[in-house]
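These notes concern the structure reproduced below.
The values are calculated or read from the model by the stated rules, or taken from the named source; none is laboratory data. Just so it is clear, the structure is predicted and the values come from calculations on it, not from any experiment. Cβ sites come from the backbone with ideal geometry, for glycine too, and all protein chains shown count toward neighbours.
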Amino acid sequence: MRPEILFPLFAPAASLKGVGPKIAPLVERAAGPLVRDVLFLSPQTLVDRPVTTIAEAREGEVQTFRVRIDAHIPPARKSLPYAIRCADETGFIFLSWFKGYGQHLAQSHPPGAMRAVSGKAERYGAQLSIAHPDYLLPIERADDIPRHEPVYPTTAGLPSRTLRRIALSALERAPDLPEWQDPAWLARHGWPSWRDAVAALHAPISAADLDAIAPVRRRLAYDELLAHHLAMAQRKAERRAHPAPPIFHDARTDEIASALPFKLTGAQIRTVAEIGGDLASGERMSRLVQGDVGSGKTVVAMLAMADVAAGGRQSALMAPTEILARQHFETIAEPLEKAGIHAVLLTGRDKGVERAAKLRALTSGQVQVAVGTHALFQDDVLFDALSLAVIDEQHRFGVSERRRLQAKGEGVHLLALSATPIPRTLELTLYGDLDVSRLDEKPAGRKPVTTTAAPTARLPEIVGRLRQAIAGGAQAFWICPLVSESEVLVDVTAAESRAATLRQALGERTVGLIHGKLPPAEKDAVMAAFAAGDISVLVATTVVEVGVNVPNATIMVIEHADRFGLAQLHQLRGRVGRGAAQSSCLLLYDPPLSATGQARLNVLRETEDGFLIAEKDLELRGGGDALGLRQSGLPDYRFVDPVAHRDLMIAAADDARLILHRDPKLETPRGQALRVLQALFDWKPDGGWSAAG
């Protein structure tokens, strides 16, 4: 329920002055459906309109002139513009319009009238001209031409100037709200009040005011971050308040670990202990295990499921694809079976008698571990005593899907796995309602992948070397950024085209093709053939970025590598180097490389540390790469720049924890103000955006 003070901001945008039935849908498309959304629409750029004389005009720049209408010049033929010659004490300037403006202009701006005119001045020979001036006003209204004019993101049929008028109308509705920020914090940073901040947002006077580091922008970004982190901290506190049956560590789990053909890394041992502490606490666990490629997340989850089974309860491990689910099952089923713990694989392919038998085993408790895909949360899948839900590649599941699986038991613990390392600042933002463990070590003996870069001009040589390698029994991935040829990205090789050329060079049956547009059954069949060694080269899009384990694959070729983000390149490289043989990754590019593209390839050649690569990726993306950052799962922030505001992300997370420690129910005057803040941004502990659900 929103506080009454916010009602004016949550009225429909159609209620604003100047927003009629025709404009309302356009405003909603540009900003959103509410007055609040229009108020929070930030200008993108700024047009500077200095006042100057005609003689001092700067070509190609927007300027404002005070002139006298000298003469009207109707077009001699239709293809020519209607023109008005104007003058000041230093010279002449011509204003021109196309599309039949003549009669209106002749009546509105008669010869001898004084006018203020503004627009981009261009020089054609000795003649200075402005085509379609932005402003042409009586001289007494010269002050109506802004010296600094903010430019808003437009949509077809809704020009920036109209949107600005509507934004100023929204500003008139903005109330003075109780201050939710600590006064000392505001003074330390020189930040204005909230009302002054949103007013300044719409009145920039220089490009610096539009920058993410401007005090006004940082104030509003911190408000948004604090609302978000406060909601996550409340969600975390609420989860801890819900009891769950304690599950204690069992000696049989240690026996399973000891029987593995490798020793656990220090990071795995630490993470297993952290999970064990959560399970034994009597509170419901919600923990994320972030692990670099090949860091052993599945083994950690298996040991947690062994403790759960030893306590007489059940676990479910859900993966986004059948291929990945089968890989997990093959990894954990045998070690668990040797300890007397029964596991079952449940996917969409299970039908009839076979499926019914598996469901009975789960319902009766004969099976302690279920591994599967989305099939696990179907209505007819019932558990005897589900206590642990393990979600692999958790970002590929929606909140509702995760909750449906947890809802199949009482007080079900959540263990989320992610093979995509992210920077600590984004970790706080994405997973502030989770406890986080990091698997930042690789198993001993894992050989580093040799990474090199080469121009695509060397393609014939590379194909020749690939032919030799597969003749010796090697397998290779060949990654392309597109599925099929693109009319827009004509220089980007498509997977279908590359597969065809490689089949000609290497043999029809040697090369397989997989991409996201293939039917699931066909995709699984190709992957199974590659895993079995029936296919030597797999041409693919980034559909193989995660979850594909083919130890015999030792070669990774990535075309147009400079077009990928660093983290994505690292994930793709992680598909090789999973066996005992030395592996290599070749990054192909079309010269010349941009500075950012060169930096990406350099980082990838220099390190295999996924967490370090994630930090570098964020630095190289910059706040301008909104799409790339959103694809990482970030909330759709209004003011926050994930790069420029990294320090604020950390500060907001700390502030939220301290606030709830002092005022758990937000009952103090500041707590009440913070409730207003959360309602303003729609960050609520029982709703809004959630990473974990």
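Data overview
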read-out	value
Helices (runs of 4 or more DSSP H) (entirely within segment 490-579) containing at least 2 residues that are without any contact (Cβ under 8 Å) to a residue 12 or more places away in the chain and not acidic (Asp, Glu)	495-506, 520-531
So ARG58, is it part of a helix (DSSP H, G or I), in contact (Cβ under 8 Å) with a residue 24 or more places away in the chain and within 48 Å of the chain's Cα centre (by Cα)	no
Selection count, segment 142-158, where residues are surrounded by 14 or more Cβ atoms within 10 Å (Cβ to Cβ) and within 23 Å of SER206 (Cα to Cα)	10
Set LEU186, LEU177, LEU105: member being outside any loop (DSSP other than H, G, I, E, B), out of contact with any Leu (no Cβ under 7 Å at 6 or more places or on another chain) and not assigned by TED's automatic domain parsing to the domain that holds GLU56	LEU186
Contacts under 6 angstrom Cβ, first residue in segment 180-199 being in contact (Cβ under 8 Å) with a residue 12 or more places away in the chain, partner exposed (fewer than 14 other Cβ atoms within 10 Å of the Cβ), 6 or more apart	ARG195/ASP176
Residues located in segment 599-641, provided they are modelled with pLDDT of 85 or more and either touching an Asp or Glu at 6+ places or on another chain (Cβ under 7 Å) or part of a loop (DSSP other than H, G, I, E, B) (or both)	ARG600, LEU601, THR607, GLU608, ASP609, GLY610, PHE611, TYR637, ARG638, PHE639, VAL640, ASP641
Extreme residue, modelled with the lowest pLDDT, among residues of segment 50-84 that are over 21 Å from ARG147 (Cβ atoms) and of a type in the set (Ser, Thr, Tyr)	SER79
Cβ pairs under 7 Å, 6+ apart, first in segment 127-139 and assigned by TED's automatic domain parsing to the domain that holds PRO81, second in a loop (DSSP other than H, G, I, E, B)	LEU128/ILE54; LEU128/ALA57; LEU128/ALA121; ILE130/ALA121; TYR135/ILE145; LEU136/HIS109; LEU137/ILE145
Residue count for segment 578-612, restricted to those that are exposed (fewer than 14 other Cβ atoms within 10 Å of the Cβ) and among the small types (Gly, Ala, Ser)	3
Pairs where the first residue, in segment 338-363, is in contact (Cβ under 8 Å) with a residue 12 or more places away in the chain and the second is assigned to a loop (DSSP other than H, G, I, E, B) and of a type in the set (Asp, Glu), C-beta under 8 Å, 6+ apart	LYS358/ASP350; LEU359/ASP380; LEU362/ASP384; THR363/ASP384
Failed criterion for ARG438 (all others in (1) basic (Lys, Arg); (2) more than 21 Å from LEU612 (Cβ to Cβ); (3) buried (at least 18 other Cβ atoms within 10 Å of the Cβ) hold)	(2)
In segment 406-438, the residues that are under 20 Å from VAL300 (Cα atoms), more than 14 Å from the chain's Cα centre (by Cα) and assigned to a helix (DSSP H, G or I)	GLN406
Tally, over segment 212-224, of residues that are outside any helix (DSSP H, G or I) and touching an Asp or Glu at 6+ places or on another chain (Cβ under 9 Å)	2
Condition broken by ARG115, with the remaining ones in (1) among the charged types (D, E, K, R); (2) under 43 Å from the mean Cα position of the chain (by Cα); (3) crowded, with 18+ Cβ neighbours inside 10 Å satisfied	(2)
Among residues of segment 118-141, those that are aliphatic (A, V, I, L, M), buried (at least 18 other Cβ atoms within 10 Å of the Cβ) and within 45 Å of the chain's Cα centre (by Cα), counted	3
ALA251 being without any contact (Cβ under 8 Å) to a residue 40 or more places away in the chain, of a type in the set (A, V, I, L, M, F, W, C) and more than 30 Å from PRO448 (Cα to Cα)	yes
Whichever residue in segment 203-250 is among the hydrophobic types (A, V, I, L, M, F, W, C), within 13 Å of MET649 (Cβ to Cβ) and in contact with a Gly (Cβ under 8 Å, 6 or more places away or on another chain) and, among such residues, is surrounded by the fewest Cβ atoms within 10 Å (Cβ to Cβ)	ALA212
Which listed residue is under 33 Å from the mean Cα position of the chain (by Cα) and surrounded by fewer than 17 Cβ atoms within 10 Å (Cβ to Cβ), from GLY294, GLY266	GLY266
Test: residue in segment 439-458 that is closer than 30 Å to ALA309 by Cα, part of a strand (DSSP E or B), in contact (Cβ under 8 Å) with a residue 24 or more places away in the chain and not acidic (Asp, Glu)	yes
Meets criteria (under 22 Å from ALA280 (Cα atoms) and either of a type in the set (S, T, N, Q) or in contact (Cβ under 8 Å) with a residue 24 or more places away in the chain (or both)) for MET318	no
Selection within segment 190-202 - farther than 11 Å from SER42 by Cβ and surrounded by 21 or more Cβ atoms within 10 Å (Cβ to Cβ)	TRP194
Residue that is crowded, with 21+ Cβ neighbours inside 10 Å, modelled with pLDDT under 90 and of a type outside the set (Val, Ile, Thr), where the choices are ARG575, ARG509	ARG575
Boolean, LEU186 is hydrophobic (A, V, I, L, M, F, W, C) and within 26 Å of the chain's Cα centre (by Cα)	no
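Conditions tested, residue by residue: (1) part of a helix (DSSP H, G or I); (2) in contact with a strand residue (DSSP E or B) (Cβ under 8 Å, 6 or more places away or on another chain); (3) modelled with pLDDT under 95.
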{"residue": "ALA170", "(1), (2), (3)": "yes, no, no"}
{"residue": "ALA197", "(1), (2), (3)": "yes, no, no"}
{"residue": "ALA237", "(1), (2), (3)": "yes, no, yes"}
{"residue": "PRO246", "(1), (2), (3)": "no, no, yes"}
